[in-house]
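The values are calculated or read from the model by the stated rules, or taken from the named source; none is laboratory data. What you see is a predicted model; the values in this text were computed from it and never measured. Every residue, glycine as well, gets a Cβ built from its backbone with ideal geometry; the counts of neighbours run over all protein chains shown. Side chains included, ligands, DNA and RNA excluded: accessible areas come from the protein's heavy atoms. Shrake-Rupley method; radii C 1.70, N 1.55, O 1.52, S 1.80 Å.
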Amino acid sequence: MRKIAIALLLAALAAPVLAAAPADMDARIGALLSQMTVEEKLGQLQQLDGEANGEARAEHFDLARKGLLGSTLNVRGAKRTNELQRAALQSRLAIPILFAFDVIHGYRTIFPVPLGEAASFDPAQAETDAALAARETRASGVRWTFAPMVDIARDPRWGRIVEGSGEDAYLGSAMARARVRGFQGADYSAGDRVAACAKHWAAYGAAEAGRDYSTAEVPERTLYETYFPPFRAAVEQGVATFMSAFDSLNGVPCTANTWLMRGVLKGDWGFPGLVVSDYTSVHELMAHGVAADGADAARLALNAGVDMEMVSRDYVTNGAALLAQGKISQAELDEAVRRVLRVKFLAGLFDKPYAEEAAEDAIVSMNGDSRQAAYDAAVKSFVLLKNENNALPIPPGVKNLLLVGALADDQAALMGSWTGDGKAEDCITVLQEFRAKSAERGIRLTYLYAAGPEASEKDDILAAVKAAKRADYVVAVLGEGPNMSGEAASRSDLSLPGRQLELLKALAATGKPVALALMSGRPVDLNWPAANIPAIMQAWFPGTMGGPALADALFGTVQPAGKLPLSWPRSVGQIPLYYNHLSTGRPADPGNKYSSKYLDAPNTPLYPFGHGLTYMPFELNDLRVSASSIAPSGTVSVSASLSNKGSVRADEVVQLYLQDTVASVARPVRELKGFERVTLEPGQSRRVEFKLGPSELGFYGADLKYRVEPGEFRVWVSTSSEGGLQGSFNVAH
Ligand code: BGC
């Protein structure tokens, strides 16, 4: 009985949210399929790349007129997409083109990089950002974004950690749902929405040694527990498309992985959308050593369930012969085409194939609410890692302020990796904003380049030291360059690049108070700053409005409250490092040599997952657990009271962690199972409540079946993954 209840509940959770389908969609798709030649069918499965500046290529027009081009990527702009669409609609069956583009954290208005957005612990903000990005994207004729990237990553050497939501499946799933909702709304044919794409399926973030495109070896149970949940969440939210990953998973390249595509995704999860390959990942099956030639690559990918081929042309080149030889079936080919056409129908392309050219400039304009949203998102993304003796905000008495660092004066860097159609000139830097603020406050501001991510002739540490001696407060904006994270940007050494650490040491040696604002797409080595610099603010790459947002956070006119979406390692030697590791037989014990630890470093991170300070003092107390014992299908409520003891309205993120103390397989020492970003007025208190039911209490057992097992569960309500108010309850037999 209980088992049935749990199964029903899980089935209900898994039901995909379908966009509004035209009533006659299936009939129209059937009619088209019955008229299409094999060549036309294969054409629908082809996606070709446009020019980086958004122009289509001459060849696209030719193919489009013949009805042989299903989709493009990077072609954008209302006029350009309309021109190419016109050619496609002249073709025999007038099937429209699906225009795609990587709108990862903004189209023209650039929001913080996704990792920074995740640090807000505010899915509603991520949804707003995605919705605004969708509006601009759609206005420029693009109907499909290759986002969200929902890859879990436990290795900050991997540069693409910047594109995801960090190390945690629960946070990652919440962000995945929010972003899909933001891009697609309830119906992605609406005039301000686009189809989304969950990528990279699967476990691309588990690349060995953090090297991009490298092998992933992940046990099936860990896939279900850690790497799959954000993808599953995206399916439940009705995501239109998936992208197959570049890497191989447990020996089988993802783009040829039948188990992933036909087994889990389309089979078990009932995903009705289309799967696109990654950029030439079909062709790369040869380099993987699983395909002998292009025909073999096409056969493997099509049979595995990759519906559309991005950029390489093995499907169109070899599809007809493969079909004639019986190496792919007519049914499989038709099914792939059906999936492509279905997304085109659901995107409203058959009814509204064109963009409104007259409306584009007004929407993609950097006016209106998009700047405000970019500003709000940036403020929410900042994580105050350290603040000894309230060194931040910049004290009101400061008269001579020194701002140093190349990154403080770099418009393009604010956008980080994947800049959509963002323009450096739209971005407002920290320096610009500091100038304005200093003038308002009668502060004498000195700015020096001093040092940056790349060693340069402009580096001048001596000049910075001289200026620091004359100043009464120093703000250093340091970090990585925007190209040091993102795709193909893995690092084996996470130290602050260039001469920036040398600069920081020299500044600290002057004895003047120094605050460090760090821009980076991943954790960098902060051991020295953490021990020697009183205040550290992690600013990620904060986007178009990053400068004003960061300046306001440093001056204290807004309140930082972001939290780390990953564990911040002390050294590369600790990687992979994640808070929700499994219990071990010999937990680290300083008094016992034969316990799980290093000789030369603690096991703990420098800053834990979920950590982030606030300027206002918050208090969390009075933990309540609603029941001491519940049935396996039951629900328990866990709550605590949060108070703002400060003088200003501010946010704090309350987190709920769980541990299943005794189970049939080793369970994590704790796992995030709830969070809420709460805003409180000064003096205000609020009880924050979390519900735990079968979908939070269960796990995948050794048989890979989801279950809730009886026994004791521990819970913590806290403001980080360390410490907190602790309680417990039992799940009865
Ligand atoms: C990346 C994808 C991206 C695609 C298209 C690939 O190199 O891995 O994430 O969507 O290019 O630009």
* Within the bounds of the stretch 638-658, is there any residue that is within 27 Å of Thr222 (Cβ to Cβ), open to solvent by less than 30 Å² (accessible area, probe 1.4 Å) and out of contact with any Phe, Trp or Tyr (no Cβ under 7 Å at 6 or more places or on another chain)? -> no
* **One residue from Thr226, Thr222, Thr255 being among the β-branched types (Val, Ile, Thr), under 24 Å from Lys344 (Cα atoms) and in a helix (DSSP H, G or I)** => Thr255
* Just need a number here: residues in the stretch 235-251 that are more than 14 Å from the ligand (Cβ to nearest atom) and either within 19 Å of Ala488 (Cα to Cα) or small (Gly, Ala, Ser) (or both). => 5
* Somewhere in the stretch 96-119, is a residue more than 16 Å from the ligand (Cβ to nearest atom), charged (D, E, K, R), closer than 24 Å to Ala174 by Cα and at pLDDT 95 or above? -> yes
* Considering (1) without any contact (Cβ under 8 Å) to a residue 24 or more places away in the chain; (2) within 28 Å of the chain's Cα centre (by Cα), say which one Ser626 fails and leave the rest. => (2)
* Structure fact -> Counted residues in the stretch 472-488 being in a loop (DSSP other than H, G, I, E, B) and open to solvent by 10 Å² or more (accessible area, probe 1.4 Å) come to 3
* Structure fact -> Every listed condition ((1) farther than 24 Å from Gly511 by Cα; (2) over 27 Å from the mean Cα position of the chain (by Cα)) holds for Val383 save (2)
* In this structure, is Val142 closer than 23 Å to Gly348 by Cβ and aliphatic (A, V, I, L, M)? -> yes
* **Subset of the stretch 143-189 (residues that are part of a loop (DSSP other than H, G, I, E, B), more than 16 Å from the ligand (Cβ to nearest atom) and over 8 Å from the mean Cα position of the chain (by Cα))** => Arg154, Asp155, Pro156, Arg157, Glu167, Asp168, Gly185, Ala186, Asp187, Tyr188, Ser189
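Quick one: which of Gly263, Gly251, Gly238, Gly267 is in contact (Cβ under 8 Å) with a residue 60 or more places away in the chain, open to solvent by 10 Å² or more (accessible area, probe 1.4 Å), of a type outside the set (S, T, N, Q) and out of contact with any strand residue (DSSP E or B) (no Cβ under 8 Å at 6 or more places or on another chain)? Write out each step before concluding.
Details: Gly263 fails: in contact (Cβ under 8 Å) with a residue 60 or more places away in the chain; Gly251 fails: in contact (Cβ under 8 Å) with a residue 60 or more places away in the chain; Gly267 fails: in contact (Cβ under 8 Å) with a residue 60 or more places away in the chain.
Among Gly263, Gly251, Gly238, Gly267, only Gly238 is in contact (Cβ under 8 Å) with a residue 60 or more places away in the chain, open to solvent by 10 Å² or more (accessible area, probe 1.4 Å), of a type outside the set (S, T, N, Q) and out of contact with any strand residue (DSSP E or B) (no Cβ under 8 Å at 6 or more places or on another chain).
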* For the stretch 581-606, how many residues meet the condition of being among the hydroxyl-bearing types (Ser, Thr, Tyr) and touching a Pro at 6+ places or on another chain (Cβ under 8 Å)? -> 3
* **Tally of residues being assigned to a helix (DSSP H, G or I), open to solvent by 10 Å² or more (accessible area, probe 1.4 Å) and within 16 Å of the ligand (Cβ to nearest atom) across the stretch 206-219** => 1
* **Selection from the stretch 120-142 of residues that are under 21 Å from Ala52 (Cβ atoms) and either in a loop (DSSP other than H, G, I, E, B) or within 15 Å of the ligand (Cβ to nearest atom) (or both)** => Ala133, Thr137, Ser140, Gly141, Val142
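Scan the stretch 700-728 for residues that are buried (at least 20 other Cβ atoms within 10 Å of the Cβ) and either in the same structural domain as Leu564 (by TED's automatic domain parsing) or assigned to a strand (DSSP E or B) (or both) and report the count.
At the first step, the residues of the stretch 700-728 found to be buried (at least 20 other Cβ atoms within 10 Å of the Cβ) are 708, 713, 715-721, 724.
Checking which are either in the same structural domain as Leu564 (by TED's automatic domain parsing) or assigned to a strand (DSSP E or B) (or both) leaves us with 713, 715-718.
So the answer is 5.
Any residue at all in the stretch 453-471 that's touching a Phe, Trp or Tyr at 6+ places or on another chain (Cβ under 6 Å) and either surrounded by fewer than 24 Cβ atoms within 10 Å (Cβ to Cβ) or among the polar types (S, T, N, Q) (or both)? Full working, then the answer.
First, the residues of the stretch 453-471 that are touching a Phe, Trp or Tyr at 6+ places or on another chain (Cβ under 6 Å): 458.
With the extra rule that they be either surrounded by fewer than 24 Cβ atoms within 10 Å (Cβ to Cβ) or among the polar types (S, T, N, Q) (or both), the set shrinks to 458.
So far as the stretch 453-471 goes, yes, one or more of its residues are touching a Phe, Trp or Tyr at 6+ places or on another chain (Cβ under 6 Å) and either surrounded by fewer than 24 Cβ atoms within 10 Å (Cβ to Cβ) or among the polar types (S, T, N, Q) (or both).
Looking at Glu39, Glu83, Glu51, which one is among the charged types (D, E, K, R) and within 16 Å of the ligand (Cβ to nearest atom)? Break it down into steps so the answer makes sense when it comes.
Working: Glu39 fails: within 16 Å of the ligand (Cβ to nearest atom); Glu83 fails: within 16 Å of the ligand (Cβ to nearest atom).
The conditions single out Glu51.
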